[in-house]
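Take a look at the structure set out below.
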Amino acid sequence: MPITRKPTLRRQADALLIELRSLIESARQHVALTANATQTMLYWHIGRRVQREVLKNNRAEYGEQIVSTLSTQLVAEYGKAFGARSVRRMVQFAEVFPDEKIVTELSREVSWSHFIEILPLKQPLEREFYAELCRVERWSVRTLRERISSQLYVRTAIAKKPETTVNAEISHLRAGGQMTADLVFRDPYMLDFLGLPHDYSERDLEDAILREMERFLLELGVGFTFVARQKRISVGADDFYLDLLFYHRHLKRLVAIELKLEKFQPAHKGQMELYLRWLDKHERAAGEDPPIGLILCAARDSEQVELLDLGAVNIRVAEYLAHIPDVKILQKQLHRAVEIARRRAASAASSPSSVVSSTERLRIRTRSGQKKTRSCRQYSQRLPSSPV
């Protein structure tokens, strides 16, 4: 009897120890979250109170004086966390995030250290985007810093929409709504971590992605799960192979990815449409949304992509950068792309009577090209033959 009792007691003690550890860790996590939220709200309230005092007197020099005076006393009583620089940051915090309700919601997941990274950003929508994605995807401070450094906001599809649309998307997410494709997909994708040579092949690209799958998933964003490589798609007597297949938890849909070394071609649309229809018919589970396709290519023509109206068939086109150019040049290019896309969207919205469907515009351009070809042919026929 004693021989069987001791192992039983040991197992019971081990099980109890596991349970107690879980309780302790859970309590510690709760205390840490509560402390972070309380600290963040304290700093916001301090900033708002000082801001009101400065605005009341309406003098910039008074603001500097009162911050200096207050911080000196606060440091003496409560430590270096309340130095003049920190107090100015608290005032800035209250200025750029004026809504107490929003800050309260964010503070449950977003720490003061996160806000320190977000505050220097100049665009209000950019600040709100990063703060909300931090809350939803629970980024660490390091991850947030990397996302900002890689210009995630201007690479996200939503940044190219009108500001009213961006505001609506962020508000929808803040209210507990589901992530949308415009918040998930990016352009371009930074794949410099693959370490590809300058003369790489499509197979090299695919192999490198599989080798660095963890980092590739980080670049794709939270929610992606790898499903298959070279997914076999049998249509009639022919077999086709999709490069990469993923599933996105938030979007609740399959994501088909095709890799192209060359510039995007209109023919790529037909290929991806075939894959998406097959996946919709044979792989889509009950409760899932229709599959979405992402064509990753070396370059693309924005006008071609717009005319093909790819969004109507759940296809997105994005460039990938295997080698990152100078950061400042990249920043300028990304910001310029955002400005152009927003101008186009605003122009289309302001003149609905002149809007022609993308398909019709493509048809018009095609007919125009055909007419020019016929005219050139007729003109050449009227020319005298060149002497041999």
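The values are calculated or read from the model by the stated rules, or taken from the named source; none is laboratory data. What you see is a predicted model; the values in this text were computed from it and never measured. FYI the Cβ positions are ideal-geometry reconstructions off the backbone, even for glycines, and counts take in every protein chain you see. To get the accessible areas, we keep the full protein, side chains included, count just its heavy atoms, and leave off ligands, DNA and RNA. Shrake-Rupley method; radii C 1.70, N 1.55, O 1.52, S 1.80 Å.
Per residue, the accessible area of the range 13-117 comes to 65 Å², computed with a 1.4 Å probe over protein heavy atoms only. With a 1.4 Å probe and all protein chains left in place, how much of the accessible area of the range 1-114 comes from carbon and sulfur atoms, in whole percent? The C+S portion of the solvent-accessible surface of the range 1-114 is 57 percent. Full extension of the chain between ASP14 and ARG249 yields a length gain of 81.1 nm, computed as 0.36 nm times the residue separation minus the alpha carbon distance.
Please list, in order, the residues from the range 246-275 whose amide nitrogen is less than 15 Å from a point placed 7 Å along the Cα→Cβ vector of GLU214. In the range 246-275, the label zone of GLU214 (backbone N under 15 Å from the point 7 Å along Cα→Cβ) covers no residue.
If R0 is taken as 22 Å, the Cβ-Cβ distance between THR69 and LEU119 corresponds to a FRET efficiency of 0.45. Peptides 188-201, 90-103, 154-167, 15-28 ordered by packing proxy, namely the average of other Cβ atoms within 10 Å per residue, highest first: 154-167, 90-103, 188-201, 15-28. Of the GluC sites (Glu not before Pro) found in the range 227-320, the ones in coil according to DSSP and having at most 15 other Cβ atoms within 10 Å of their Cβ are GLU288. Length available on full extension from SER302 to ALA81: 0.36 nm per residue minus the Cα-Cα distance, which gives 74.7 nm.
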